[in-house]
1. Mind listing which trypsin sites (Lys or Arg not before Pro) in the stretch 206-257 are in a DSSP loop and have 15 or fewer other Cβ atoms within 10 Å?
2. Across all directions of projection, what mean area in square nanometres is found for the Cα convex hull of the stretch 203-263?
3. Taking N as the number of residues in the stretch 194-237, what is its alpha-carbon radius of gyration divided by 2.2 N^0.38 Å?
4. Report the convex hull volume per residue for the chain, counting only C-alpha atoms, in Å³.
5. What ranking do 84-97, 260-273 get when scored by the average of other Cβ atoms within 10 Å per residue, highest first?
6. Starting from the 7 Å offset along Cα-to-Cβ, what nm value, one decimal, do you get for the label separation of GLU71 and HIS90?
7. Using the Cα atoms of the stretch 4-77, I'd like the radius of gyration and the largest Cα-Cα distance, Dmax, both in angstrom.
8. By the scheme Lys and Arg +1, Asp and Glu -1, what is the net charge of all other residues having a beta-carbon under 15 Å from that of ILE162?
Amino acid sequence: MLDFNRAMNLYRSDRIRELSETDEGMRFLKLRSLSRKKYLEYLINKFGLEIGNLKSKEWLKFVYESALQSEDIDDIIQELFENERKTRRHNEQELVNELYKIQSFDWGGLHQNSLEATIVNRYVKHITSYESLHSKIDGDLHNSLRAYVLASWYNHWSSLIIEDIFKEHVNVIPAVGQIKKIDFFVNNKPFDLKVTYLPEGYIKAYRKSRGLRPELTLMKGLARKLNIGFDASAAESALIPDLWRKLDDNPHESAKELITGLQECRETLLNACIVTPEPLVRWLDQNQGVRRFDASNRLFLVLVDKSDFFNSWKLKRARALISEHVINYLDEISPDIGFQLDFLWEGETYSAEADVIFVIKQ
């Protein structure tokens with residue numbers, strides 16, 4: 001018997017997978033997703049539970065220890081989700097239309113997980129002149145913050161649209177409220193959804209493992225031979241797509257051969273990932289950001305535009321395309337979804353369950 005205090009301690013210790021391995025733990029996680037006062041109040045009234053003089057902070061424990069069945073909890077979750085989904089469903093087409101107005105995806109040089117630290121290190125601690133600081137704020141920082149906000153806005157709303165595709169499926173129970181590391185339950189197993197692209201770092205590691213020179217090294221060398229200008233001080237993440245497009249537009253046969261070879265290598269890697277996704281998942285797990293690290297069950301949605309890998313971010317708003325792949329996946333999954341793998345992170349070994357859905361635009 002998993003008592004409430006033990007379940008809460010496991011949850012607070014981030015031992016989500018341990019909780020999910022028992023029926024009682026799953027019941028706790030689903031109730032924990034309903035732990036906002038308005039949700040618990042709705043549940044209590046719906047089933048006529050007598051709470052007496054209990055304070056709202058004691059409601060979760062009371063409901064967990066009640067005779068309320070898991071099926072009843074699932075029904076409440078679906079009902080609450082549908083109530084909230086109605087408004088989003090009505091506005092979804094217009095929202096997708098708005099997302100298509102974004103023409104570029106750029107964090108403005110500001111790190112997504114450490115915005116304050118980036119501003120402090122780049123401006124506060126670096127600049128000693130008051131006038132120069134004002135000039136930077138009005139120029140560089142203003143433009144960087146604008147790009148950062150637009151990228152954050154695009155990420156937020158496109159993610160919400162994608163999550164709703166999953167949550168509407170018959171094999172999925174939504175996590176209605178805020179619950180860490182769980183977006184929904186697929187076949188009664190909790191998952192954190194991660195939308196990503198074929199990582200440039202993984203492509204670089206793949207080439208190195210096969211004794212191939214880095215893409216950037218090859219492109220810079222040829223660009224110099226062909227007198228193609230580029231900013232050598234630019235970040236690698238910006239320089240690779242810049243040189244790729246310049247070489248792709250160049251009529252010289254050597255440029256065509258290089259880009260064709262690089263493209264074929266990327267497609268070979270992509271096909272290998274589709275057949276055997278475990279190495280990609282292990283790389284993604286091992287390269288998590290420190291502030292967002294976890295070893296929870298993760299479902300990766302990998303978006304790839306084969307005609308232009310660097311514009312794969314645009315597929316995040318391609319609702320119809322994503323929906324087709326997600327629904328096909330959820331229709332066909334086995335009861336024991338996903339696979340388990342071990343990975344290293346900062347010297348420690350972790351075990352996680354995961355699965356991957358590839359959405360590829362040919």
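1. Within the stretch 206-257, the qualifying trypsin sites (Lys or Arg not before Pro) (loop, at most 15 other Cβ atoms within 10 Å) are ARG210.
2. So the Cα hull casts an average projection of 4.0 nm².
3. So the stretch 194-237 has a normalised radius of gyration of 1.39.
4. Looking at the chain, the number lands at 189 Å³ per residue.
5. 260-273, 84-97
6. Each label point is offset 7 Å from its Cα along the Cβ direction, giving 3.3 nm.
7. Every Cα atom of the stretch 4-77 included, Rg and Dmax give 11.9, 34 Å.
8. +3
Values in this text are rule-based calculations from the coordinates and carry no lab data. Bear in mind the structure is a predicted one, so any value in this text is a computation, not a measurement. For neighbour counting, all protein chains shown are included, and Cβ atoms are generated from backbone atoms with ideal geometry for every residue, glycine included.
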